[in-house]
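K.L.:
Following this message is one structure expressed as structure tokens.
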Amino acid sequence: MKKILLLALLFVSVDAWAQNASQSYIEKFKDQAIRVMHQTGVPASIVLAIAMHESANGNSALAKNLNNQFGMKGYGLVFYKRRKKTVSTSYKKYDSPEESFDDFARIMTEKTKFSALADKLTHYDYLGWAQGIQKAGYASSRKWAAQVLNLVTKYQLNTLDENPDNTQSGALVAAGAN
């Protein structure tokens, strides 16, 4: 009985830590995600959920050592130190996490397979964007879109998809319709 209680307490503690790490990551990068939404049309919820997923809320080796929040690959080798070992990788290195968000925005607008989605989808259609980005080849996992959408739902990231400048006018339109 004590072992079961101890395990339950451990799971609750781990879940609380993960929840706190996610909330901290959201607070830290939500403005970057909104900025990318305005630049690209990709919903802020999707931008932030992809960053959370790909970087493990900023805790992955790529995020910590390369400021790579999106798992972006490059063309050359990059080296970094990890536990007294030199690691070589083909993932991109950025000077800051914000630079990683800028590169994600660039890829979403310059690569035709992603930029074509903006012609079909609005920044409110986070479901369509997650599925479209997956189908365009962003990630090889078949579960990738579902995992990203799970983060959107769990942390209600879709609330970021509203344009703060239009929130009041949207409320006025809704009030006028009554």
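K.L.:
Just one of (1) open to solvent by 40 Å² or more (accessible area, probe 1.4 Å); (2) outside any helix (DSSP H, G or I) trips up LEU127, so point out which.
P.N.:
Status for LEU127: all satisfied but (2).
K.L.:
What number goes with the only condition from (1) touching a Phe, Trp or Tyr at 6+ places or on another chain (Cβ under 7 Å); (2) free of Cβ contacts under 8 Å to residues at least 12 places away in the same chain; (3) small (Gly, Ala, Ser) that SER60 does not pass?
P.N.:
(1)
K.L.:
Here's something else I'd like to know. With the requirement that a residue be assigned to a helix (DSSP H, G or I) and open to solvent by less than 10 Å² (accessible area, probe 1.4 Å), what does the stretch 43-62 give you? Write out each step before concluding.
P.N.:
Let us first name the residues in the stretch 43-62 that are assigned to a helix (DSSP H, G or I), namely 44-55, 61-62.
Hits for the stretch 43-62 are ALA44, SER45, ILE46, VAL47, LEU48, ALA49, ILE50, ALA51, MET52, SER55.
K.L.:
Next up: Being under 21 Å from ALA146 (Cβ atoms) and either open to solvent by 20 Å² or more (accessible area, probe 1.4 Å) or among the small types (Gly, Ala, Ser) (or both) is the filter here, so list the residues in the stretch 63-95 that pass it.
P.N.:
The one that is under 21 Å from ALA146 (Cβ atoms) and either open to solvent by 20 Å² or more (accessible area, probe 1.4 Å) or among the small types (Gly, Ala, Ser) (or both): GLY71.
The values are calculated or read from the model by the stated rules, or taken from the named source; none is laboratory data. Since the model is a prediction, treat every value here as computed from it, not as a measurement. Reconstructed Cβ throughout: ideal geometry from the backbone, glycine too, with neighbour counts over all protein chains shown. The area values use the complete protein model at the heavy-atom level, side chains included, leaving out ligands, DNA and RNA. Shrake-Rupley method; radii C 1.70, N 1.55, O 1.52, S 1.80 Å.
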